[in-house]
Amino acid sequence: MNISLVMIVKNEETNLAKCLNSVENLVDEIVIVDSGSTDKTIEIAKTFGAKIFKREFDSFSNQKNYALSIATNEWVLHLDADEVLSKELVEEIKFVIINTRLDGFYLIRTNFFLGKQMKYSGINKEYRLRLAKKSVSKYVGGIIHEELIVDGKVGKLKNIMIHNSYPTISSYFNKLEQYTTLGAKKLLEKNKKAKVIDIVFKPPFEFIKRYILKCGFLDGIRGFIWAVLYAFYTFIKYIKLWEFCSKKH
């Protein structure tokens, strides 16, 4: 069976080639929706024969549903530019789509942070629904924290997908502005209000949760840095929510 790869991107020149190389022997169609890249993202995508479309970003779910609508194959693989399939996972996918009666599959994602795999910190192994039939799947979830849902039966694959989201500290802060703004708007959509108690206590709670409760200390210095950065992300998100709420009154 043929498989379409769908992706949404913006300024992913450092990641895109690795991602597309990992699926070169798996997919026969690559659909990329770009939201205004100013680097070499489009040039790189063209070298892989990708079908490139431009769309102004409004939300992750809308952007990804648009990309999904363009795919011409029934089986669709959903990846972010900073994700890479292992060779074992590629072979497993080839086998299961021919031999399954299921409608979708969760992939196991292992996270790398600052060049090293995180084995604890609450991000050691995550199951993500990333392989599904187009006819029974769609994205829900609004502006951020989108989720692919399948109206049918789903299973889990055994081999890993590598997620190299933040290879440097700079890469983290490059995404911080967008993600905290979208996170705050998501809370606003849910009619959440910025309370002083949230601004004061949620950031340290996130640090304790990830560094102690999720055993982030076992990830060494990276575990400490990740817990601090996540606490900082939470703080920025809630003060942006406070700012949005203040402007409404």
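The values are calculated or read from the model by the stated rules, or taken from the named source; none is laboratory data. Values in this document were obtained by computation on a predicted structure and should not be read as measured data. Cβ atoms come from the backbone with ideal geometry, glycine included; neighbour counts cover every protein chain shown.
Taken together, Leu218, Leu229 contain a single residue that is closer than 24 Å to Tyr166 by Cα, within 21 Å of the chain's Cα centre (by Cα) and among the hydrophobic types (A, V, I, L, M, F, W, C), which is Leu229. Leu85 - would you say it is in contact with an Asp or Glu (Cβ under 7 Å, 6 or more places away or on another chain), in contact (Cβ under 8 Å) with a residue 40 or more places away in the chain and in the same structural domain as Val31 (by TED's automatic domain parsing)? No; evaluated as a whole, the condition is false for this residue. Note on the stretch 138-153: residues that are in contact with a Leu (Cβ under 6 Å, 6 or more places away or on another chain) and at pLDDT 95 or above amount to 3.
Is at least one residue of the stretch 9-24 more than 21 Å from Pro167 (Cβ to Cβ), among the aliphatic types (A, V, I, L, M) and either surrounded by 15 or more Cβ atoms within 10 Å (Cβ to Cβ) or out of contact with any Cys (no Cβ under 7 Å at 6 or more places or on another chain) (or both)? Checked the stretch 9-24: no residue is more than 21 Å from Pro167 (Cβ to Cβ), among the aliphatic types (A, V, I, L, M) and either surrounded by 15 or more Cβ atoms within 10 Å (Cβ to Cβ) or out of contact with any Cys (no Cβ under 7 Å at 6 or more places or on another chain) (or both). Just to be sure, is Tyr139 over 30 Å from Arg222 (Cα atoms) and either touching a helix residue (DSSP H, G or I) at 6+ places or on another chain (Cβ under 8 Å) or not assigned by TED's automatic domain parsing to the domain that holds Ile212 (or both)? It is true that Tyr139 is over 30 Å from Arg222 (Cα atoms) and either touching a helix residue (DSSP H, G or I) at 6+ places or on another chain (Cβ under 8 Å) or not assigned by TED's automatic domain parsing to the domain that holds Ile212 (or both).
Can you find a residue in the stretch 164-172 that is within 17 Å of the chain's Cα centre (by Cα), under 30 Å from Ser246 (Cβ atoms), touching a residue at least 24 places away in the same chain (Cβ under 8 Å) and surrounded by fewer than 15 Cβ atoms within 10 Å (Cβ to Cβ)? No: the stretch 164-172 contains no residue that is within 17 Å of the chain's Cα centre (by Cα), under 30 Å from Ser246 (Cβ atoms), touching a residue at least 24 places away in the same chain (Cβ under 8 Å) and surrounded by fewer than 15 Cβ atoms within 10 Å (Cβ to Cβ). Ile52 meets all of the listed conditions (1) buried (at least 19 other Cβ atoms within 10 Å of the Cβ); (2) β-branched (Val, Ile, Thr); (3) touching a helix residue (DSSP H, G or I) at 6+ places or on another chain (Cβ under 6 Å) but one, namely (1).
Looking across the stretch 129-185, the residues that are under 22 Å from Ala71 (Cα atoms), part of a strand (DSSP E or B) and among the basic types (Lys, Arg) come down to Arg130, Lys133, Lys138.
Of the residues Val84, Val90, the single one that is β-branched (Val, Ile, Thr), within 18 Å of Val6 (Cα to Cα), crowded, with 16+ Cβ neighbours inside 10 Å and touching a helix residue (DSSP H, G or I) at 6+ places or on another chain (Cβ under 6 Å) is Val84. If I filter the stretch 166-215 down to residues being polar (S, T, N, Q) and out of contact with any helix residue (DSSP H, G or I) (no Cβ under 8 Å at 6 or more places or on another chain), which single residue comes out as farthest from Lys94 (Cα to Cα)? Here the answer is Asn191. If you take the residues in the stretch 110-128 that are surrounded by fewer than 19 Cβ atoms within 10 Å (Cβ to Cβ) and touching a residue at least 40 places away in the same chain (Cβ under 8 Å), which one is nearest to Trp75 (Cα to Cα)? Within the stretch 110-128, the match that is nearest to Trp75 (Cα to Cα) is Thr110. Checking Phe95, Phe105 one by one, the residue that is loosely packed, with under 15 Cβ neighbours inside 10 Å and aromatic (Phe, Trp, Tyr) is Phe95 and no other. Of the residues making up the stretch 25-44, those that are under 23 Å from Asn65 (Cα atoms) and acidic (Asp, Glu) are Asp28, Glu29, Asp34. Summed over the stretch 147-159, residues that are surrounded by fewer than 17 Cβ atoms within 10 Å (Cβ to Cβ) and either without any contact (Cβ under 8 Å) to a residue 24 or more places away in the chain or touching a helix residue (DSSP H, G or I) at 6+ places or on another chain (Cβ under 9 Å) (or both) total 7.
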